[in-house]
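Report on one structure; see the data block that follows.
The values are calculated or read from the model by the stated rules, or taken from the named source; none is laboratory data. The shown structure was predicted, so the numbers you read here are calculated from the model rather than taken from an experiment. Cβ atoms come from the backbone with ideal geometry, glycine included; neighbour counts cover every protein chain shown. For the accessible areas, the whole protein counts, side chains as well, though only heavy atoms, and no ligand, DNA or RNA atoms are used. Shrake-Rupley method; radii C 1.70, N 1.55, O 1.52, S 1.80 Å.
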Amino acid sequence: MFAMQCARGAVCLVLGLSVLFKAWASGDDVCLSNGVFAVELDSSNGGLSSLRLHDDPDRMNWIEGLETWGVPVGMEFAGVERQGDTWISRYRKGVLKLAVERTPGRTFLRERFVFRNTADYDLYFLRGQLGVFATFNDSYADAATCETKRCHAHIWCGGANSYVHALKMGPFPTELALILTQGDLDAYSVRRVAKEISNDRGDFVLHPAPLHFLPGETKVLEWELAAFPSGAFKAELLTRRGTAWIQFEQETIFPDETFRIVAECAYEPKSVKAFCNGAEIPFRLDGRRIVVEHRPQAVGEHRFTFEADGRRFRANGYVSDDPDTVIDRRVRFIIRKQQMTDPRSPLCGAYLIYDNEDKSPYFDYSAGNHNACRERLGMGLLVCRYLRERPDDAEVARSLDLFEAFVLREIFDEETGEVCNNIGKNAKYKRLYNAPWLITFWLEMYRLRGDGRYLVWIERAIRNYYVKGGAKFYPNGSVFSDAVQAIRDAGQTAVADELAGRVREHVGTIRQNGVLYPPHEVRFEQTIVTPALSILSAYYALVDADPAVRNEASRHVELLVRFDGEQPDHKWNSLPVRHWDGYWAGKRALYGDTQHYWSCLTAYALLLHGRNVGDVALRARARKMLRNLLCQFFPDGSASCAYLHPYTVTMLRPDGTPLEPPRRGEFFDPWANDQDFALYYLLRIRGEFGLSLKEKEK
């Protein structure tokens, strides 16, 4: 037996089934590996300090964090020892003891957490009271670093069928997964350094389900860390007995539709039950596949539970009212409860944030994400697009007139094309995200009313945007080429040619940068990739059908879809990782993973590209994205800017000490802020692509 008691240094675990392994020494470190990856043990706390794949020229550490992989939260380290091919790290907290056994395989490492109650009385642990650090290296530096040395960690705590699917942010031939093989993961928490603001997703903590220990009882949580070829996650998952791959036809359905769910098990189960919201429902067993077709009677979230040979696993779906009903209620709510109508106020006509707890609109001049400008323009876009479909709706038309007057009075300079960051035409803070949204709004207004003044304002706003260096920026909002096309169709050929030249310069910058995206408000994220794809795709379709532009766009698709999750849950599936929006746009100001409406920009970008290359599958992907955002809009017409996924979020100092106690997640933020872009894009893609959320691809 080889024992170490809190000595500094590290030891690399052997990853092989025999004692024939490669080994080398460097100082006090001993490094051991097999042909797939090497794992280094931190002898000061018994956790893993690194995992590196042998086929990786960039030597990325997949498990780097402020904390150490595999260390239990809040327990005292009691030493590490080796027993044959197994390394055992020991911990304790009062009468609870834990042995973490790490045993190698040819392409995986098994980690077995054996908890034991040493008392002569019962022990109970509630949700979140026990946890293990899973420090996947999901943080954000520059694009080059992210694409080669960082990973997206797609987390699913689905009971006995839980996993984390990790893949590099850029294309790479090997992926990594944590796959649960025994026990039950109920939730996860996040611990992140406050100083990093929006650029570090944090250290993850995986929580077992609530546990009850009898005196002297032992309980086990076990998973395997496995490496496998890119795109083979499902196959890798199903090599482990007791696992299942759960897939909805649609995670979000409408009242006249049926949930169709397939739970494909690793083996043919002998005993099966299926439940929805606790009530048993019919299913059929087709070999290894449990097939459910179920039409609930109520709108809202529906929690499906499967029991297969004693293992319980879950999936979550959502029944939404039909899209037209959702949009109509939301527009009425906005114009009746979120619009300032007092003529004495400079906000008269503005659409404001709405606090669903206090039942009151809200405005903060000093906070850009809480003012009446910037992304709050999304409400105006939705109202305008809605009126294009219902031009005789007098109530909505009056509201839109009032909003337009507010924009002209407080935000937009008609002569210069300046789009200001705050009311009073305050342009002290220059933010290039603002103008493209207003360009899009004026384009919608032109298509609604046909008034040529909107084209003049678009022309001036585009010029103003590019004069400020916009050709080097990746904005959400306008794709510019559609505005140029509208000006050309109005007979203003010379103006259109001039503006097309500015867009051409922008396209040139994007092509020159390739996938080395410049940092924006966040250093690297989904909505830096989406404008690259959408601007290129729109330019190809509307200005210059250069095959080189179309081919360049395809490169961005490959990176964009890597952000998207595949978990069997309407709040996760096909939606990108975003982990800061709740802080900036929400009432709770809480960092952490969100379900977020900006997925609509991915949907739109993929549809633009899909039309150019004839990829029908991208329509289905876009439909799923937009459907899965509808749970952010509630039956009374109110809405939420974000759903916060983690069980808790703890903000830390750089040394790892807490700035404040953990804050609870798993909720829809009380503020309706900027989520209405999702409904605007739903209407927009229906108009531009003929895409109904209910249609099926042939």
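Over the Cα atoms, compute the radius of gyration (one decimal) and Dmax (the largest Cα-Cα distance, rounded to a whole number) for the range 83-123, in Å.
12.8, 41
Under 9 Å from the Cβ of Arg295, count the other residues' Cβ atoms, weight Lys and Arg +1, Asp and Glu -1, and hand me the total.
-3
Work out how much length Gln247 to Ala194 would gain on full extension: take 0.36 nm times their residue separation and subtract the Cα-Cα distance, in nm to one decimal.
15.5 nm
Heavy atoms only, probe 1.4 Å: what % of the accessible area of the range 277-337 goes to carbon and sulfur, would you let me know?
43
Select from Leu630, Leu387, Val292 the residue farthest towards the positive end of the dipole of the chain; place +1 on Cβ of Lys and Arg, -1 on Cβ of Asp and Glu, and compute about the Cα centre.
About the Cα centre, the residue reaching furthest to the positive side is Val292.
Any idea how far apart Leu516 and Ala427 come out in nm if each label point goes 7 Å out from Cα toward Cβ?
3.3
Nearest 0.05, what FRET efficiency do Asp544 and Glu257 give at R0 = 45 Å with Cβ-Cβ as r?
So the FRET efficiency works out to roughly 0.65.
For the pair Arg127 and Glu357, how long in nm is the line joining their label points, each one 7 Å along Cα→Cβ?
1.8
Which part of the range 460-484 falls in the paramagnetic zone of Phe689, meaning amide N under 19 Å from the point 7 Å along Cα-to-beta-carbon?
Residues 476-483 fall inside that zone.
Let me check I've understood the local charge: for Ala461, count other residues with C-beta under 13 angstrom from its C-beta, Lys and Arg +1, Asp and Glu -1. What total comes out?
Once all neighbours under 13 Å are counted, the net charge is 0.
If we count every other residue with Cβ under 11 angstrom of Phe275's Cβ, Lys/Arg +1 and Asp/Glu -1, where does the sum land?
My count for the surroundings of Phe275 gives +2.
From the cross-link list Lys195/Lys425; Lys273/Lys624; Lys430/Lys472; Lys337/Lys430; Lys624/Lys694; Lys359/Lys587, which pairs have alpha carbons spaced over 21 Å apart?
The pairs that break the limit, which is 21 Å between Cα atoms, are Lys195/Lys425; Lys273/Lys624; Lys337/Lys430.
Could you do me a favour and compute the accessible area per residue for the chain, 1.4 Å probe, result in Å²?
Accessible surface, normalised per residue, equals 37 Å².
If contacts are Cα pairs under 8 angstrom and at least 6 residues apart, what is the relative contact order of the range 315-427 in percent?
Rounded, it is 23 percent for the range 315-427.
To the nearest 20 Debye, how big is the dipole of the chain about its Cα centre, given +1 on the beta carbon of each Lys and Arg and -1 on that of each Asp and Glu?
So the magnitude is around 260 debye.
Using the Cα centre of the chain as origin and beta-carbon charges of +1 (Lys, Arg) and -1 (Asp, Glu), tell me which of Leu352, Ile685, Phe412 is placed farthest towards the positive end of the dipole.
Ile685
Run through every distinct alpha carbon pair of the chain and return the Kirkwood hydrodynamic radius in angstroms, one decimal place.
Computed over the chain, the radius equals 26.9 Å.
Once phi is turned into θ = phi - 60°, what whole-Hz ³J(HN,Hα) does the Karplus curve with 6.51, -1.76 and 1.60 give for every residue of the range 240-253, x standing for Gly and Pro?
For the range 240-253, the Karplus-derived couplings read 10, 4, x, 8, 8, 9, 9, 9, 8, 5, 9, 6, 10, 10 Hz, x marking Gly and Pro.
Can you check what the Kirkwood hydrodynamic radius comes to for the range 250-395, Cα pairs only, in Å to one decimal?
Result for the range 250-395, one decimal place: 19.0 Å.
Round to a whole number: what % of the accessible area of the range 403-446 belongs to carbon and sulfur, probe 1.4 Å?
Percent of accessible area from carbon and sulfur atoms in the range 403-446: 51.
Which residues in the range 312-353 have a backbone N closer than 17 Å to a point placed 7 Å from the Cα of Lys270 along the Cα-to-Cβ line?
Correct set: 312.
Take the solvent-accessible surface of the protein heavy atoms, probe 1.4 Å, and return the percent of it on the range 586-698 that carbon and sulfur atoms account for.
Ligands and nucleic acids excluded, carbon and sulfur give 55 percent.
Compare the peptides 53-65, 658-670 by average per-residue count of other Cβ atoms within 10 angstrom and give them in order, highest first.
53-65, 658-670
Sort 152-161, 414-423 for me by packing, meaning the mean count of neighbouring Cβ atoms within 10 Å per residue, highest on top.
Per-residue Cβ counts within 10 Å, averaged per peptide and sorted highest first, yield 152-161, 414-423.
Distance between Cα centroids, the range 135-175 to the range 624-698: provide it in whole Å.
Between the Cα centre of the range 135-175 and that of the range 624-698, the gap is 21 Å.
Each residue of the range 498-506 in order: what ³J(HN,Hα) in whole Hz does its phi give by Karplus 6.51 cos²θ - 1.76 cosθ + 1.60, θ = phi - 60°, with x for Gly and Pro?
Running phi through 6.51 cos²θ - 1.76 cosθ + 1.60 with θ = phi - 60° gives 4, 5, 4, x, 5, 5, 4, 4, 4 Hz.
Positive end of the charge dipole of the chain (Lys, Arg +1 and Asp, Glu -1 on Cβ, about the Cα centre): tell me which of Ala119, Ala209, Ser599 has its Cα farthest that way.
Projecting each Cα onto the dipole axis, the largest value belongs to Ala119.
Could you work out how much longer the chain between Ala617 and Ser345 gets when fully extended? Use 0.36 nm per residue separation minus the Cα distance between them, nm to one decimal.
93.0 nm
Under a plain spin-label model, where a point goes 7 Å from the Cα along Cα-to-Cβ, how far apart in nm are Arg453 and Ala235?
It is 6.3 nm.
Quick check: from the Cα gyration tensor, does the range 571-624 come out rounded (a/c under 1.5), prolate or oblate?
Here the range 571-624 falls in the prolate category.
Along its principal axes, what span do the Cα atoms of the range 451-591 show, with the longest given first and each in whole Å?
Here the spans come out as 50, 38, 27 Å, largest first.
Calculate, in nm to one decimal, what Leu659 and Glu76 gain on full extension: separation in residues at 0.36 nm each, minus their alpha carbon distance.
Stretched fully, the Leu659-Glu76 segment lengthens by 207.7 nm.
From the backbone phi of the range 139-149, what are the Karplus-calculated ³J(HN,Hα) couplings (6.51 cos²θ - 1.76 cosθ + 1.60, θ = phi - 60°) in whole Hz, Gly and Pro given as x?
For the range 139-149, the Karplus curve yields 9, 10, 10, 6, 4, 4, 5, 4, 6, 10, 10 Hz.
Between rounded, prolate and oblate, where does the range 131-210 land on the alpha carbon gyration tensor, with a ≥ b ≥ c its root eigenvalues, rounded for a/c under 1.5, else prolate if a/b exceeds b/c?
Oblate, because a/c is 1.5 or more while a/b does not exceed b/c.
Could you tell me how far the Cα centroid of the range 566-606 sits from the Cα centroid of the range 402-434, in Å?
28
Which shape class applies to the range 315-438: rounded if a/c is under 1.5, otherwise prolate when a/b exceeds b/c and oblate if not, where a ≥ b ≥ c are the square roots of the Cα gyration tensor eigenvalues?
Taking the square roots of the gyration eigenvalues as a ≥ b ≥ c, the range 315-438 is prolate.
Label point 7 Å out from Arg106 along Cα-to-Cβ: which residues of the range 231-254 have amide N under 11 Å?
Within reach of a label on Arg106: no residues.
If we sort 531-537, 644-650, 82-88, 178-184 on the protection proxy, mean other Cβ atoms within 10 Å, highest first, what's the order?
531-537, 644-650, 178-184, 82-88
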